[in-house]
Amino acid sequence: MEKYAIAYWSALNYYGLTEQVPNTIFIQTNTRKFNNNPEVFGIPYKIIKIKDTKIFGIRKEWIEETQINITDKEKTIIDCLDLPQYAGGVTEVAKALKNNTFNNKKLATYAQRIGNSGVIRRLGYLSELLNLKINLPELNTRNYLLLDPTMPGKGINNAKWRLIINLDEKMLGELE
């Protein structure tokens, strides 16, 4: 794969943004692979194909004697809000946002650049809930999305962010 990066839950773990240790290494790429779930030396990998326009915010890191591509901290958050099923759900993202510092301007820029209004909505809602100052654009949509698409679809509607809050707000606000 030419364009790739370790991402999602694996990147959250690499940066210490989650206590959860994923059993699988998550990789995003713009290349179609016939085997999206290879196993290498007994380690399972999940290869997620994304649009070429979503490949940005990548840095090079050294792990032992191997140089790898990995999404930066802010892009990791945005990717996890884009595809929460590869990050352990929105609760893991909320924990990471609450317990760490990020470049909020970069978060806002990346949220717009990824081209998914769900990311802006989820980030906007979580930033308000966690009292983070992230300047996001106004929404121009009528439909409602699930805050966490990995959870059941029942919840209360949040008109400002056009989200169905299908997680316990009290629990989200008290995250460790």
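Computed quantities for the displayed model
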quantity: Every residue from the stretch 23-44 that is surrounded by 11 or more Cβ atoms within 10 Å (Cβ to Cβ), in a strand (DSSP E or B) and out of contact with any helix residue (DSSP H, G or I) (no Cβ under 9 Å at 6 or more places or on another chain); calculated: Thr29, Pro44
quantity: Leading residue by the ranking (modelled with the lowest pLDDT) among those in the stretch 1-24 that are hydroxyl-bearing (Ser, Thr, Tyr) and under 18 Å from Leu81 (Cβ atoms); calculated: Thr18
quantity: Which numbered condition Glu92 misses (of (1) acidic (Asp, Glu); (2) in a loop (DSSP other than H, G, I, E, B); (3) under 17 Å from the mean Cα position of the chain (by Cα)); calculated: (2)
quantity: Residue in the stretch 137-151 that is of a type in the set (Val, Ile, Thr) and either in contact (Cβ under 8 Å) with a residue 40 or more places away in the chain or not in a loop (DSSP other than H, G, I, E, B) (or both) present; calculated: yes
quantity: Residue identified as over 19 Å from Ile134 (Cβ atoms), assigned to a loop (DSSP other than H, G, I, E, B) and either basic (Lys, Arg) or touching a residue at least 12 places away in the same chain (Cβ under 8 Å) (or both) among Gln85, Gln20; calculated: Gln20
quantity: Residue within the stretch 82-95 that is among the aromatic types (Phe, Trp, Tyr), in contact with a strand residue (DSSP E or B) (Cβ under 6 Å, 6 or more places away or on another chain), surrounded by 18 or more Cβ atoms within 10 Å (Cβ to Cβ) and under 23 Å from Leu172 (Cα atoms) present; calculated: yes
quantity: Where Trp161 falls short, out of the listed (1) under 19 Å from Asn13 (Cα atoms); (2) free of Cβ contacts under 8 Å to residues at least 60 places away in the same chain; (3) of a type in the set (Phe, Trp, Tyr); calculated: (1)
quantity: Tyr125 of a type outside the set (Lys, Arg), touching a Lys or Arg at 6+ places or on another chain (Cβ under 7 Å), within 18 Å of Glu74 (Cβ to Cβ) and part of a helix (DSSP H, G or I); calculated: no
quantity: The stretch 106-122, residues that are assigned to a helix (DSSP H, G or I) and of a type in the set (A, V, I, L, M); calculated: Leu107, Ala108, Ala111, Val119, Ile120
quantity: Hits in the stretch 48-76 - residues which are surrounded by 14 or more Cβ atoms within 10 Å (Cβ to Cβ) and assigned to a helix (DSSP H, G or I); calculated: Lys54, Lys73, Glu74, Lys75, Thr76
quantity: Yes/no for Thr101 being farther than 21 Å from Ala5 by Cβ, in a loop (DSSP other than H, G, I, E, B) and either touching a Pro at 6+ places or on another chain (Cβ under 6 Å) or among the β-branched types (Val, Ile, Thr) (or both); calculated: yes
quantity: Within the stretch 133-176, tally of residues that are aromatic (Phe, Trp, Tyr) and touching a helix residue (DSSP H, G or I) at 6+ places or on another chain (Cβ under 7 Å); calculated: 1
quantity: Test for Asp79: is it among the charged types (D, E, K, R), closer than 21 Å to Leu146 by Cα, touching a strand residue (DSSP E or B) at 6+ places or on another chain (Cβ under 7 Å) and buried (at least 19 other Cβ atoms within 10 Å of the Cβ); calculated: yes
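The values are calculated or read from the model by the stated rules, or taken from the named source; none is laboratory data. These numbers were taken from a predicted model, which means no experiment stands behind them. Counting neighbours? That spans all protein chains shown, and the Cβs are built from the backbone with ideal geometry, glycine included.
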